[in-house]
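Below you'll find the structure, written out as C-alpha cells, and then a few comments.
Any read-out appearing in this document is the output of simple, stated calculations on the displayed coordinates, not a laboratory observation. Quantities reported herein were computed from a predicted structural model and do not represent experimental measurements. Glycine gets a Cβ as well: all are built from the backbone with ideal geometry, and neighbour counts include every protein chain shown.
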Amino acid sequence: MNHIPNKLELHYFLKDHSHSIDAFVKNGCERDLLLILKELTEKLDININIESEVYLEGGFKEIWKFLGKNNNQLALIVSILALIIATVPKENKKLTELEIENFELDNQMKRLQIKKLEEELNQEQIEKLAEKIVPIFNQNYKVLWYKSNFYKKLVTYSKVKEISVTQLDKNNQPLKKEEPISKTDFYKFILNSNEFTPEINDEAVINIISPVLLKGKFKWKGFYENEIITFYMKDEIFKSSVRNNEIEFTNGTSIKCVLKQKRIINEFGLIKTKSCDVLLVLEVMKKSERVTTEQGKKYKRNKSDLKNQTKLDI
C-alpha cells in the first residue's frame, strides 16, 4: 500500500521565527506524548518502536518514525495519536468516574474488533477506524491527563504560538494538509482539576489503630485494605459515644462504616487517595462481639426501603 503513515511530525511554530526551543519544555512535552503512546499501545496490544529523526527547519519540527512488524498497526497508531493530540475532548474540565470505568469495561471487546479489522485494512479504513477509536481514548483518564499536561507546558511557554501534528509517509510526505492549533485554543485541552469523583464505600471495614478521645479536628488512624490510613471521623453520634466512654477500644477493634475517599491523579497518571472521611459508623466489631449502632440500623433500613422502592418502580 502506498502513502501509508508511519511517521508523525510535531511542529512548534515560534514567535521569533527561530529554530530552537527550551530543552525542559521540549523534553517535558515529549514525555507526555510518549505516555499517551504507551497507553495506546498497551490498550490496543500493539508492539512498536520509535526513532527520532533529524529536526527540520521551519520553526521547530520533530519527526517520530514508528517501527514494527505490521504496517497497518503502525499506521493506525500514528493516525490515532495525531487525532488525539488535535481533538478537543467534549467534556474536558473534570475527571469523572465514567472516564475510569468506560474504557476498562469495553476494552476487551473493542480490542477484538480492532484485531479483526486489522487483517483487512487499507488506507481509507485506517483513517475511519482511527476516528472510531479516538473518542474511546478521549474518555480514558490517563490520556486526558497526559494531554492536559502537554498543553499546560506549552501555554506557559511564551515562545510557542501554534503547534501542529501531521502524519507523514516513509518519504516524509504529509498525508494531510497541516492544520496548526493556535495558542488561544490550548486552554481547551487543559483540565481544571486533578480530582476524581470521591469514592464511597458503605461496607468499609477499618481496624482502629489510634482513636481520638478529645474534642477537636484530629485524625484517627486505622488499617484499611492492607494499608494504614488516617481519616476524619464525621459521625458525631459515634464520636460522642467514644468521648462518653460508651465504646471501649481494645486490640483488634474494628468498625464497619461508610468511608468517603477523595482521589487525585498524580503527575505519573496514577490515582492516589488525597483524604479519607468516615461519614457513618455502622457496626463496632471486636473479637467476641459485633454491635450495630443506632445510626447503622437507620442506614440499613433506609437502604432497604430505597432498594424495595426501586424494584416497585421497575
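Cα centroid distance between segment 123-189 and segment 1-53, in Å? The distance from the Cα centre of segment 123-189 to that of segment 1-53 comes to 10 Å. Charge tally around residue 23: other residues with Cβ under 13 Å, Lys/Arg +1 each, Asp/Glu -1 each, net +1.
What is segment 127-226 by shape, rounded, prolate or oblate, if you read a ≥ b ≥ c off the alpha carbon gyration tensor as root eigenvalues and call it rounded for a/c under 1.5, prolate for a/b larger than b/c, and oblate otherwise? Prolate shape, in that a/c is at least 1.5 and a/b is the bigger ratio.
Projected over all directions and averaged, the alpha-carbon convex hull of segment 199-300 occupies 6.9 nm². Pairs from the table (152/188; 43/153; 69/170) lying more than 18 angstrom apart at Cα are 43/153. The slack between residue 47 and residue 193, meaning 0.36 nm per residue of separation minus the straight C-alpha distance, is 49.3 nm.
Take 68-76, 198-206 and order them by the average number of nearby Cβ atoms within 10 Å per residue, most first; the result is 68-76, 198-206.
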